[in-house]
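**Q** The structure that follows is given in the form of structure tokens.
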Amino acid sequence: MTTTLITGANKGLGFETARRLTEAGHTVYIGARDAERGRRAAEELGARFVQLDVTDDASVQAAVKTVEADGGLDVLINNAGIEVRGENNGIPAAADTTADEIRTVFETNVFGVVRVLHAFLPLLQQSGAPVVVNVSSGLASLTTLSDPDSPAHFYQAVSYPTSKTAVNMITVQYAKAFPRMRINAVEPGFTNTDLNGRTGTQTVAEGAEIIVRMAQVGPDGPTGGYLDVNGPLPW
Ligand SMILES: NC(=O)c1ccc[n+]([C@@H]2O[C@H](COP(=O)([O-])OP(=O)(O)OC[C@H]3O[C@@H](n4cnc5c(N)ncnc54)[C@H](OP(=O)(O)O)[C@@H]3O)[C@@H](O)[C@H]2O)c1
């Protein structure tokens, strides 16, 4: 039996991933910072709920104790994420970007990933086939965003892509440090969720595909990669 924890799983891509992995037979923990939203989502799916705010040490430590008491963890999906948007869902310009905005985004998207990963490492190391999926973004790619011919080149904000580039490096470094684990970064694609004010062009079913696939990767599968549904992406 595979036990899987998904952060930020009360809605969006995390919820859809939880639905699919529950169907596939995983014991799934819906990690959610809000107990009511988390419990409701877990009930709907027949999954478990664990309160988990990725920006809060005490909350993450308590989640480790809960999951440990129930028997441990095999798969960790670092999915919780935020994107700062301006008025009318506008993408903030570089000129308007402040250190506070970057700090806010990093608190969830970067420090949150490290906080959760660090806290759950002892449980993952006890698993026979430990897997970590870090939900990154196509906007993390230095190659893509610096290419004037790329469709993503127009994206002007600083905080969100910078945070996801950091997630990619975190993935590379942890994958080297823990060769027995499969640790990959994935790009779901531009998906219709609250994160982007519902402007995404894909369904959550399409977006969750690569997350679900990499959550089920076997011990001989790739590690230290950055992939979308079609394969490896340029860093
Ligand atoms: N949608 C896209 O086009 C797209 C593309 C590439 C990558 N991604 C990535 O996919 C992941 C999921 O995003 P989504 O599109 O599904 O967005 P979403 O629908 O807004 O879901 C984000 C989830 O993260 C949770 N969250 C935010 N801050 C948290 C915190 N401090 N602690 C715990 N949970 C927290 C939210 O909980 P609340 O309900 O409490 O706010 C929510 O459950 C993110 O990492 C995002 O960057 C999305």
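**Q** Rounded if a/c is under 1.5, else prolate if a/b beats b/c, else oblate: with a ≥ b ≥ c from the C-alpha gyration tensor eigenvalues square-rooted, which is region 154-235?
**A** oblate
**Q** Using only alpha carbon pairs under 8 Å that are at least six residues apart, calculate the relative contact order of region 127-235 and give it in whole percent.
**A** After rounding, I find 33 percent.
**Q** Restricting to DSSP H runs of at least four residues, report the calculated mean residue ellipticity at 222 nm for the chain, -39500 (n - 2.57) per run over all residues, nearest 500 deg cm²/dmol.
**A** -13000 deg cm²/dmol
**Q** Could you run the Karplus curve 6.51 cos²θ - 1.76 cosθ + 1.60 with θ = phi - 60° over region 202-217 and give me ³J(HN,Hα) per residue in whole Hz, x for Gly and Pro?
**A** Once rounded to whole Hz, the list reads 9, 7, 5, 4, 5, x, 6, 3, 6, 5, 4, 4, 6, 6, 9, 5.
**Q** About its Cα centre, how strong a charge dipole does region 3-232 have in debye, to the nearest 20, once Lys and Arg get +1 and Asp and Glu get -1 at the Cβ?
**A** 480
**Q** Follow-up. Relative contact order, percent, of region 1-136 when contacts are C-alpha pairs under 8 Å separated by at least 6 residues?
**A** 25
**Q** What relative contact order, as a whole-number percentage, does the chain give when Cα pairs under 8 Å and 6 or more residues apart are counted?
**A** Computed over the chain, the figure is 19 percent.
**Q** 5 Å is the cut-off here: which amide hydrogens, built 1.01 Å from N in the peptide plane, fall below it relative to T191, excluding neighbours closer than 5 in sequence?
**A** For T191, whose amide H was placed from the backbone, the distant partners under 5 Å are T201, Q202.
**Q** Something else about it: Please give me the summed charge of the neighbours of N134: other residues whose Cβ is under 15 Å from its Cβ, Lys and Arg +1, Asp and Glu -1.
**A** Charge balance in the 15 Å sphere: +3.
**Q** Give me a comma-separated list of calculated 3J(HN,Hα) values for region 190-196, in order, Karplus coefficients 6.51, -1.76, 1.60 applied at θ = phi - 60°, integers in Hz, x for any Gly or Pro.
**A** 6, 10, 6, 9, 5, 3, 10
**Q** Tell me, what HN-Hα J-couplings in whole Hz come from the Karplus equation 6.51 cos²θ - 1.76 cosθ + 1.60 at θ = phi - 60° for each residue of region 164-174, using x for Gly and Pro?
**A** 6, 4, 4, 4, 5, 5, 4, 4, 4, 6, 5
**Q** Straight-line reach from K65: which lysines have Cα under 26 Å away, leaving out those fewer than 8 places along the same chain?
**A** Correct list for K65: K11.
**Q** Please name which of T7, F190, A119 has its Cα lying farthest along the dipole of the chain towards the positive end, using unit charges on Cβ (Lys, Arg +1; Asp, Glu -1) and the Cα centre as origin.
**A** Positive-end residue among those listed: A119.
Readers should treat all values here as calculations from the given coordinates under stated rules, not as data from a laboratory. Note that this is a predicted model, so its numbers are computed, not measured. Note: ideal-geometry Cβ built from the backbone for every residue, glycine included; neighbour counts use all protein chains shown.
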